[in-house]
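So the structure is just underneath, and the comments pick up after that.
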Amino acid sequence: MSVPHPVITIDGPAASGKSSIARLVAQRLGFTYVNTGNMYRAMTWAVLQAGVDPQDAEAVRAAAAGIGIESPVVEGKTQVCVSGRTLTDAELNSDPVNRAVSFIARVAEVRERLVADQRALGSIGPLVMEGRDIGSVVFPDSPHKIYVDASAEVRASRRSAQGLADQVAERDRLDKERKTSPLVIPEGAVVIDNSHITLDQAVEQVIAALKL
Ligand code: DC
């Protein structure tokens, strides 16, 4: 799959710091920032709005087929819109969405659609795209792959410092054990563990690792 612009892929587990790092790397380079977790979160929000049980894969499949997700670029990053309505950070990061998102993200048809949308974004210009399978599945040919990690203790304490009751360990287990596109360290990725370094240091390490 050839892509007309560079795509920096940043994967890693929940609360690893990858969103903050990816956003700053994109700003530094003037690339568009794409948070693919928000696309899965938007789909989850819409499925919950429809009253569907997130663990009922058949019902999720049927509901998801009728849900339109768009990703317009606003001020250097993609937003997520469901049927023309832009979702807020509070909606995307709500407790019900945190609890359900890994169930929605393991439905193969949901992934196929969102992966196609993510690949299509590759034509708009240079990107920093973060998620779980960006270097392994969405853009496996990208020469710019990063995997951001942090210890389980650091990740749990970062989430609670944000005031979010997120079941980080349980989400990781589901994301790593699922059949379709599980979270893995992509082949050729540079691993950056930011448990004991600052955000700025992590951004520097990413920029230094890239051969743009
Ligand atoms: O990055 P995040 O924690 O906001 O992602 C929310 C969930 O979405 C995550 O638990 C698994 C799923 N996800 C995924 O399966 N593939 C991606 N590329 C991004 C997120």
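Listed here are the residues, each with its yes/no results for (1) over 23 Å from His5 (Cα atoms); (2) at pLDDT below 95; (3) surrounded by fewer than 20 Cβ atoms within 10 Å (Cβ to Cβ).
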| site | (1), (2), (3) |
| --- | --- |
| Gly122 | no, no, no |
| Ser136 | no, no, no |
| Asp149 | yes, no, yes |
| Leu174 | yes, yes, yes |
| Lys211 | no, yes, yes |
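If only one of Glu109, Glu170, Glu153, Glu130 is modelled with pLDDT under 95, of a type outside the set (A, V, I, L, M, F, W, C) and surrounded by 13 or more Cβ atoms within 10 Å (Cβ to Cβ), which one is it?
Working: Glu109 fails: modelled with pLDDT under 95; Glu153 fails: surrounded by 13 or more Cβ atoms within 10 Å (Cβ to Cβ); Glu130 fails: modelled with pLDDT under 95.
Only one candidate qualifies: Glu170.
If you take the residues in the range 153-191 that are among the hydrophobic types (A, V, I, L, M, F, W, C) and farther than 26 Å from Arg111 by Cα, which one is nearest to the ligand (Cβ to nearest atom)?
Looking at the filtered set, the residue picked out is Ala156.
What strands (runs of 3 or more DSSP E) completely inside the range 101-201 contain at least 1 residues that are touching a residue at least 12 places away in the same chain (Cβ under 8 Å), closer than 23 Å to Asp89 by Cβ and not polar (S, T, N, Q)?
On the way: elements: 127-131, 145-149, 190-193.
The qualifying strands (runs of 3 or more DSSP E) are 127-131, 145-149.
Are any of the residues in the range 35-52 more than 21 Å from Arg111 (Cβ to Cβ) and under 19 Å from the mean Cα position of the chain (by Cα)? So that I can check it myself, show each step before the final result.
Our first condition is that a residue be more than 21 Å from Arg111 (Cβ to Cβ); within the range 35-52, this holds for 51.
Filter once more, so that each one left must be under 19 Å from the mean Cα position of the chain (by Cα): none.
So far as the range 35-52 goes, no, none of its residues is more than 21 Å from Arg111 (Cβ to Cβ) and under 19 Å from the mean Cα position of the chain (by Cα).
The values are calculated or read from the model by the stated rules, or taken from the named source; none is laboratory data. Bear in mind that the values here come from a model prediction, so they are computed numbers and not experimental data. Counting neighbours? That spans all protein chains shown, and the Cβs are built from the backbone with ideal geometry, glycine included.
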